[in-house]
Amino acid sequence: MRTLTLLRHAKSGWEDSVQRDFDRPLNAKGKRAARTMGEHCRREGLAWDHVISSPAVRCIETLDAFWEGYGRTLKPVWDRRVYLASCVHLLDVLNEAPAEAQNLLLCGHNPGMEDLALMLTPDDGDAIRDSVEDKFPTGSVAVLAFEVEWEELAARSARLEKFVRPRDLDPALGPGQT
């Protein structure tokens with residue numbers, strides 16, 4: 001059994017005057033949310049042997065805060081193709097994951113992350129999947145399980161096992177909160 005954990009970057013700061021979207025940093029709430037999600041993943045016993053991330057500043061800062069909460073730092077493969085990628089392009093990246101990787105963490109952006117979770121799982125009325133379809137907010141984590149090799153990962157080949165939003169762990173991290 002392999003697992004794929006999707007981590008959408010945490011809340012970024014629109015008030016910062018950066019020249020490029022790529023350089024937009026997290027805001028304070030985003031850093032708290034990423035740290036909280038890392039703590040949650042540690043408590044849940046989630047572990048990864050391979051990490052791939054967009055190299056956008058908000059993904060780098062999300063992982064920095066996430067590792068702080070998780071209590072361990074893993075070195076990601078920074079893959080520019082993940083930046084604002086569609087679900088199809090993200091699947092291409094995953095299909096190239098090392099065969100020996102059993103548990104992979106992918107940190108990226110919407111709408112690609114949400115669309116990837118929905119594409120990989122069958123629409124069978126599952127409440128967890130319905131939550132993802134409703135919205136995959138910043139800082140959220142989805143865990144998918146499947147029994148095929150990375151290169152065989154395809155539409156409807158996975159099972160969505162968990163979906164956790166920062167506000168599920170701390171209501172102060174929900175919409176409209178600062």
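Report the semi-axes of the equivalent ellipsoid for segment 45-178 in whole Å, largest first, where each axis is √(5λ) for an eigenvalue λ of the Cα gyration tensor.
22, 19, 14
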If packing is taken as the mean number of other Cβ atoms within 10 Å per residue, what is the order of 57-64, 33-40, highest first? 33-40, 57-64
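Near Ile52, within a Cβ-to-Cβ distance under 10 Å, what is the net charge of the other residues, with Lys and Arg +1 and Asp and Glu -1?
Surrounding charge for Ile52 is -1.
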Mind running the shape call on segment 1-62? Use the C-alpha gyration tensor, a ≥ b ≥ c as the square roots of the eigenvalues: rounded below 1.5 for a/c, prolate if a/b tops b/c, oblate otherwise. oblate
On C-alpha positions alone, give me the angle between the axis of helix 57-70 and the longest principal axis of the chain, in degrees, nearest 10. 80
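Would you compute, from DSSP H runs of 4+ residues alone, the mean residue ellipticity of the chain at 222 nm, taking -39500 (n - 2.57) per run and dividing by the full residue count, rounded to the nearest 500?
Details: 6 runs with 60 residues, N = 178.
Result for the chain, helices only: -10000 deg cm²/dmol.
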Linear extension gain, Glu100 paired with Val148, 0.36 nm per residue minus alpha-carbon span: 16.0 nm
Note on segment 1-133, DSSP bridge orientation, antiparallel percent to nearest 5 equals 10
Solvent-accessible area, 1.4 Å probe, carbon plus sulfur percent, for segment 8-74: 46
Count charges around Asp92 for me, please; just the other residues with Cβ under 12 Å from its Cβ, Lys/Arg as +1, Asp/Glu as -1. -2
If you take the beta carbon distance between Ser157 and Asp134 as r and set R0 to 35 Å, what does 1/(1 + (r/R0)^6) give as a FRET efficiency, to the nearest 0.05? 0.95
Per-selection Rg to Rh, segment 107-165 - Cα, Kirkwood hydrodynamic radius: 0.94
Once normalised by the length of the chain, the mean sequence separation of its alpha carbon contacts under 8 Å that are 6 or more apart gives a contact order in percent of 29
Nitroxide proxy distance, nm - points 7 Å out along Cα→Cβ at Val77 and Trp14: 3.4
For segment 4-11, take each phi angle, set θ = phi - 60°, evaluate the Karplus expression 6.51 cos²θ - 1.76 cosθ + 1.60, and give the result in whole Hz per residue in order, putting x for glycine and proline. 10, 9, 9, 10, 7, 3, 6, 4
Quick calc, segment 74-178, dipole around Cα centre from Cβ unit charges on Lys, Arg (+) and Asp, Glu (-), nearest 20 debye, gives 480
Value of relative contact order over segment 22-114, rounded to a whole percent, pairs C-alpha under 8 Å and six or more apart: 35
Of every Cα-Cα pair in segment 62-115, the percentage lying beyond 13 Å is 63
Percent of Cα-Cα pairs per 5 Å bin, from 0 to the last occupied bin, for segment 1-107, please list those. 3, 13, 23, 23, 19, 13, 4, 1, 0
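The values are calculated or read from the model by the stated rules, or taken from the named source; none is laboratory data. Keep in mind that this is a model prediction, so the values were computed, not measured. No Cβ is skipped: glycine too gets one built from the backbone with ideal geometry, and neighbour counts run over all protein chains shown. Accessible surface is based on the protein model in full, side chains and every heavy atom, while ligands, DNA and RNA are left aside. Shrake-Rupley method; radii C 1.70, N 1.55, O 1.52, S 1.80 Å.
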